[in-house]
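A short worksheet on the structure shown next.
The values are calculated or read from the model by the stated rules, or taken from the named source; none is laboratory data. In this text, all values refer to a predicted model and were calculated from it rather than measured experimentally. Heads up, the Cβs are rebuilt from the backbone with ideal geometry, glycines too, and the neighbour counts pull from every protein chain shown.
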């Protein structure tokens, strides 16, 4: 019970972080048709920038400045790189962002080294928020949740109540129509790309110190974010939200459960002595591939994803 | 009595709540040249997309030579002998004219997915492709990339790709769209030549083409067929004049 | 009409020349370095071409192609271990085939899932499947060898006629001949009904359905066949290095093969061969010069994506055409003019990267080049470098126009001569 509650809270925190990444990716993907391979790189850059800034002037300014810098970087990359690659088609675009992701890791290694940097949770946010039975829940996890929920509400308000948000929503389903109505779609693209990058950077600022800030962080999270987008359904923010929470919670529970087929067999009264390797795998071990298995299952049984409206 | 080449029974299609095609019944007998006309947005192209399984029908049944093909996929229908062209040219842009046509007849010659045969050694495929290219008048452009052809040439290739596989029921979606007067005349001659002995269903806006080519005509208005008959019958039909020809007379 | 002959003089010359090249290349130098470079190039050629069966021929951008390569390598290694333990009697010469069959089997299993979708979604799914296989491989250390990898010995018994595959030269010839056979097979495959229909599906999957083909089946078959050739490449790697780690099926390896194929040029059959050669040479040459070689790789790749999306192959083909028309010479002045700003920008970037790297690594920002000392801790250095890059960029923009005008003019004459 205690384990379940704490795991649920941890899972939701992780899931919300995933959504901060996948929402930007979904917006960019559904509007522009670009699968941004470098999306997780912006997450990584957000963390590294925050590390550098908080070392100089503190965590709170970093929470603001880092996403702004990354957002501007994203906009510049869209304007001067992706738009150029776009002329050669989607494959070139995709490969361009793939090259960027590759380059980002090298740049980070060049500047900050190959080892993890010491990006810490600020003192004002460390400590225990509350204790449930014997497990404690840290303040910082609560803070992460608060920022994520704040972003969620902000994004929702932006998309629902502002003019630009409405155009973005329209462009999600019919980019050609929006252009036909005389809106400057390329500029909206730049804006959305920059905004999506900034969102990823916020996730990096608050996630980098909770987990670990290292060059491998982009590659570790990037594929999972793709899985979220496929599982949730292309072009669906709601689907991405559900998939983020689902994967976040499932993975957290699995990591905390050291239970294998052998244990299951034992619990029903069968002793397996020479069990195959598959039966000996614990759920903890399977947690790493759970998202991909979920993706395969979704592709076979529900190719549109949980909430997807479009097939491609 | 043999079954009609193509038969539609109560075919309907809705997108969301909008019904585009409503309870269409249509019979096209073998060897007939049938034209479907109607104002813009009447659902003509949608009807074609339903027959060729580009979209699934909402309700109703479609039969090809007496067999139910309603739930088949596009390639299965094509293998049973129904082929279609597209209003917006839909060819293989990075292949040569020759390869476009040759690809289109590989299945019907039984080569399927074979990866153990040398393509250039398949004499029958090469010869048939060259024949088709000759017939669509693109002999001089045989080894040109499809993307570099002129618009009229691409339209001819579109028809060539449609017919190469030897389908006996052919749907042509606005074969003369966007063509000049002289190009249209050439296209009509081409269609007449290549559709010899085949069942032809076409959607067409150019009334000269329609009345020149078709044995029978169906008029589609707001997704319903309001009349079917010979060109003379259609010309004389007051409902058609009201709904359709009346508006086009003003332009003429 | 008689079918054209299989062996024309032109083809004989081309393939004979290629075969002669790979057979005679080891004679150029006696160093072990040269031989291991040649072996690696031969393996990567097969791997890159198998990747291009998907991207170039079928229009499928796979981010997980290393899966078939890595699994092929592991399966070959298990076969080699079994042969060493005298469990199965397979001659070492034929072991790459085992890798190929392994790649084929996994192509069937994984291809069934990945080819359900095309386009960008395929790219995403191939990445996910790749990650899944890479993560799973570590869960089964008995199969993958875990962190340490699998290793075995390729020299078994006395061999025939002194061929034990002990010396590197012998294993090179094994690799080269397998590689040549694979290249020929893949070339032939591109010229079969399936190969051409794959092109059709790449260009226009929808229309392919309306000429009787199921695009999903076409994609599936191509993935399976590409899996076979990638598996052979993996098998050759296993024999070459006698060790296989799980890195061989990682995203990094998948990324490398994308770079090879794309930098070489995916639009031509021989493009990936050039790419495999170029990238492998760079990999071995540049990595010994600078620790930032992967950075330059990434940069080179981005430049190719943005400025030469047809890769080296299309640049070669274009210029060959101009040369045949006798107008290539006219471009020389423009190219020479462009060389200066390119050098300027290049030198600036290299100076920044190298000094920054030293600053971070060794805390001494000094770099000695050609007798000059660059010092990144001084403001003047940065002023100079930024000025060089900015000036170079500015000039490049100007020169780029001249170059493209000249090229257009050259092409115009080319077209005139043709008609």
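When the criteria are applied in full, residue B:54 meets the requirement of being within 14 Å of chain C (Cβ to nearest Cβ) and in a loop (DSSP other than H, G, I, E, B). Within the range C:135-186, the set of residues being within 14 Å of chain B (Cβ to nearest Cβ) and within 29 Å of residue C:250 (Cβ to Cβ) comprises C:185, C:186.
Residue-level analysis places residue C:97 outside the set of residues that are more than 14 Å from chain B (Cβ to nearest Cβ), surrounded by fewer than 24 Cβ atoms within 10 Å (Cβ to Cβ) and at pLDDT below 95.
Only residues that are touching a helix residue (DSSP H, G or I) at 6+ places or on another chain (Cβ under 6 Å) and over 16 Å from residue C:224 (Cβ atoms) were counted across the range C:81-116, and they come to 5.
If you go through the range A:91-124 and pick out every residue that is assigned to a loop (DSSP other than H, G, I, E, B), in contact with a helix residue (DSSP H, G or I) (Cβ under 7 Å, 6 or more places away or on another chain) and either more than 7 Å from every other protein chain (Cβ to nearest Cβ) or buried (at least 19 other Cβ atoms within 10 Å of the Cβ) (or both), you end up with 3. The requirement of being away from every other protein chain (no Cβ under 13 Å) and in contact (Cβ under 8 Å) with a residue 12 or more places away in the chain is satisfied by residue C:274.
When you check residue C:245 against the structure, is it under 30 Å from residue C:82 (Cα atoms) and away from every other protein chain (no Cβ under 13 Å), yes or no?
Spelling it out, residue C:245 is indeed under 30 Å from residue C:82 (Cα atoms) and away from every other protein chain (no Cβ under 13 Å).
A search for C-beta distances below 8 Å between a residue of the range C:5-33 that is outside the structural domain of residue C:188 (by TED's automatic domain parsing) and part of a helix (DSSP H, G or I) and any residue that is modelled with pLDDT under 90 and surrounded by 10 or more Cβ atoms within 10 Å (Cβ to Cβ), counting only pairs 6+ apart in sequence or on different chains, returns nothing. Filtering the range B:100-128 to residues that are under 16 Å from residue C:210 (Cα atoms), assigned to a helix (DSSP H, G or I) and more than 7 Å from chain C (Cβ to nearest Cβ) leaves B:100, B:101, B:102, B:105. Right, residue A:49: part of a helix (DSSP H, G or I), modelled with pLDDT of 90 or more and surrounded by fewer than 24 Cβ atoms within 10 Å (Cβ to Cβ) or not? Judged against the criteria, residue A:49 is a match. Here residue B:146 passes the criteria (1) facing another protein chain (nearest Cβ under 7 Å); (2) crowded, with 20+ Cβ neighbours inside 10 Å; (3) more than 17 Å from the chain's Cα centre (by Cα) except the one numbered (1). Of all residues assigned to the range C:55-72, at least one qualifies as being under 30 Å from residue C:288 (Cβ atoms), touching a residue at least 60 places away in the same chain (Cβ under 8 Å) and in contact with a strand residue (DSSP E or B) (Cβ under 8 Å, 6 or more places away or on another chain). Restricting to the range C:310-338, and then to whatever is part of a helix (DSSP H, G or I) and within 14 Å of chain A (Cβ to nearest Cβ), can you tell me which residue is surrounded by the fewest Cβ atoms within 10 Å (Cβ to Cβ)? Filtering the range C:310-338 for residues that are part of a helix (DSSP H, G or I) and within 14 Å of chain A (Cβ to nearest Cβ), the one surrounded by the fewest Cβ atoms within 10 Å (Cβ to Cβ) comes out as C:314.
Is it the case that the range B:32-39 has a residue that's touching a helix residue (DSSP H, G or I) at 6+ places or on another chain (Cβ under 7 Å), surrounded by fewer than 19 Cβ atoms within 10 Å (Cβ to Cβ) and away from chain C (no Cβ under 14 Å)?
So far as the range B:32-39 goes, yes, one or more of its residues are touching a helix residue (DSSP H, G or I) at 6+ places or on another chain (Cβ under 7 Å), surrounded by fewer than 19 Cβ atoms within 10 Å (Cβ to Cβ) and away from chain C (no Cβ under 14 Å).
Taking the criterion of being touching a strand residue (DSSP E or B) at 6+ places or on another chain (Cβ under 7 Å), under 19 Å from residue B:209 (Cβ atoms) and in a loop (DSSP other than H, G, I, E, B), the residues of the range B:32-51 that qualify are B:32, B:38, B:39, B:42.
Taking the range B:165-200, which residues are buried (at least 19 other Cβ atoms within 10 Å of the Cβ) and either within 14 Å of another protein chain (Cβ to nearest Cβ) or free of Cβ contacts under 8 Å to residues at least 24 places away in the same chain (or both)? Result: B:165, B:167, B:169, B:170, B:171, B:172, B:173.
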